[in-house]
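Enquirer: Dropping a structure here in structure tokens format, bear with me for questions.
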Amino acid sequence: MIQTSTNNQKKPKPKLQLNVNITDVQPESTHSSDGWKQQTEVFFHEPIDQSLQFSHNGKTVADVAQLKCGRKYQEDRFVAIPNLNQNKEAQFFYAIYDGHAGHSVSAILENNLHKYLQEENKFCDDLEKAIINGFEKMNKYILDCQDENQLLGGSTAICVINKHKDLYIVNLGDSACVLITEECEIQKLNLEHKLNREDEFKRVEQMATILDRHSIPRINGELAVTRAFGDKKHRQSGLIAIPEIKIHQVDQKDKYLILASDGFWDIIKNDELKKLIENWNRKEIDQLAQYLLDKAASKNTNYKKDNMTLIVVDVQSYWK
């Protein structure tokens, strides 16, 4: 029997899409012809090999640079929001999403993760709880998308969001965030989620086959991180999307926050970063991220360099 359509007939479930159209981009948030321009408010980006500056209350508060390096595609994505709460006390959000097996997951995070956090009921009262809940809901959406579209891939995330002078450093995967003081001392603000961490190894070893590839231990011989968004095929092997959160209270000695994907940290270690910052002879941070990435890209390695994305935040500029 052939059924005819009626008003009571259920509509088919809309197909979830991984490739999200970016509708939030304002005209002032497009790239200028010379490679960079002043940015305000929120910026969602297309992959670039250039640098961008972000301002708040007339001051440059963040500098961003990105390089594709030796990879065929740029899978990193970033978000820079100098102030989530317009006309209120400044609350910023900076994040780097390092995609693997494609950019589909990092692109979803770029467009949505900060919104998921803001929509949490506990966002104002219990930010840590809101972050945990927001990450869980975001990952569920991504896994549903992957199930619907039969796609793979995943992404790490390193985010910084403040509540007054408390910085919430939120990490999932192997990117990293460091604090630079006025004396150019470096304090690391997170631990990476990799199998060389004893606690992470013990957590997954009973569920995953751990094999070395290119001298790096990997879950099922593929995944070098133990926490990430997406990666539906590895969810039964101990991979989780529960972030670790560290809270740091800004004091007068703190100068810069530097967030970077692992491609940068593979090449530039803290001792060298300290020297590079000491050699930076400008008070402003404009082009500082590009300067650091250029130094990393110029170093000789016996492997193809990974994508690199770096955000420098002048934390003192928010409270001066």
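The values are calculated or read from the model by the stated rules, or taken from the named source; none is laboratory data. From a predicted model like this one, the values you see are computed outputs, not experimental measurements. Glycine also receives a Cβ, built like all others from the backbone with ideal geometry; neighbour counts cover every protein chain displayed.
Enquirer: Write out, first by first residue and then by second, each pair whose Cβ atoms fall under 6 Å of each other, whose residues are 6+ apart or on separate chains, and whose first residue, in region 292-305, is surrounded by 13 or more Cβ atoms within 10 Å (Cβ to Cβ) while the second is in a loop (DSSP other than H, G, I, E, B) and not charged (D, E, K, R).
Expert: 296/267; 296/268; 305/69; 305/70
Enquirer: Output the residues belonging to region 203-217 that are over 19 Å from residue 242 (Cα atoms) and not in a loop (DSSP other than H, G, I, E, B). Outline the logic, then answer.
Expert: So the first thing to find is which residues in region 203-217 are over 19 Å from residue 242 (Cα atoms), and the list is 209-217.
Correct list: 210, 211, 212, 213, 216, 217.
Enquirer: Moving to a separate point now. Among the residues of region 274-320 satisfying the criterion of being among the charged types (D, E, K, R), outside any loop (DSSP other than H, G, I, E, B) and touching a strand residue (DSSP E or B) at 6+ places or on another chain (Cβ under 9 Å), which is modelled with the lowest pLDDT? Please lay out each step first, then the result.
Expert: Step one: filter region 274-320 for residues among the charged types (D, E, K, R), giving 274-275, 278, 282-284, 286, 294-295, 299, 304-306, 314, 320.
Going one step further and asking which of them are outside any loop (DSSP other than H, G, I, E, B), we end up with 274-275, 278, 294-295, 314.
Right, trim to touching a strand residue (DSSP E or B) at 6+ places or on another chain (Cβ under 9 Å) and you get 274, 294, 314.
Details: 274: 96, 294: 92, 314: 96.
Among them, the one singled out is 294.
Enquirer: Follow-up question, since we're still on this one. Look through 208, 260, 228, 241 and report the one residue that is within 28 Å of residue 291 (Cα to Cα), in contact with a strand residue (DSSP E or B) (Cβ under 8 Å, 6 or more places away or on another chain) and among the small types (Gly, Ala, Ser).
Expert: Values: 208 fails: within 28 Å of residue 291 (Cα to Cα); 228 fails: within 28 Å of residue 291 (Cα to Cα); 241 fails: within 28 Å of residue 291 (Cα to Cα).
After applying the criteria, what remains is 260.
Enquirer: What residue, of 268, 247, is in contact with a helix residue (DSSP H, G or I) (Cβ under 9 Å, 6 or more places away or on another chain), assigned to a loop (DSSP other than H, G, I, E, B), over 28 Å from residue 148 (Cβ atoms) and not basic (Lys, Arg)? Don't jump to the end; show me each part of the working.
Expert: Numbers: 247 fails: assigned to a loop (DSSP other than H, G, I, E, B).
Unique residue meeting the criteria: 268.
Enquirer: Take region 243-291 and flag every residue that is acidic (Asp, Glu), within 17 Å of residue 188 (Cα to Cα), surrounded by fewer than 20 Cβ atoms within 10 Å (Cβ to Cβ) and within 21 Å of the chain's Cα centre (by Cα).
Expert: 244, 266
Enquirer: Considering only region 186-203, how many residues are buried (at least 19 other Cβ atoms within 10 Å of the Cβ), in contact with a Lys or Arg (Cβ under 8 Å, 6 or more places away or on another chain) and closer than 16 Å to residue 264 by Cβ?
Expert: Number of matching residues: 2.
Enquirer: Would you confirm whether any residue within region 146-153 is modelled with pLDDT under 95 and at positive phi? Please lay out each step first, then the result.
Expert: Step one: of region 146-153, the residues modelled with pLDDT under 95 are 146-153.
From the residues that got through so far, the ones that are at positive phi too are 150, 153.
Yes, that holds for at least one residue.
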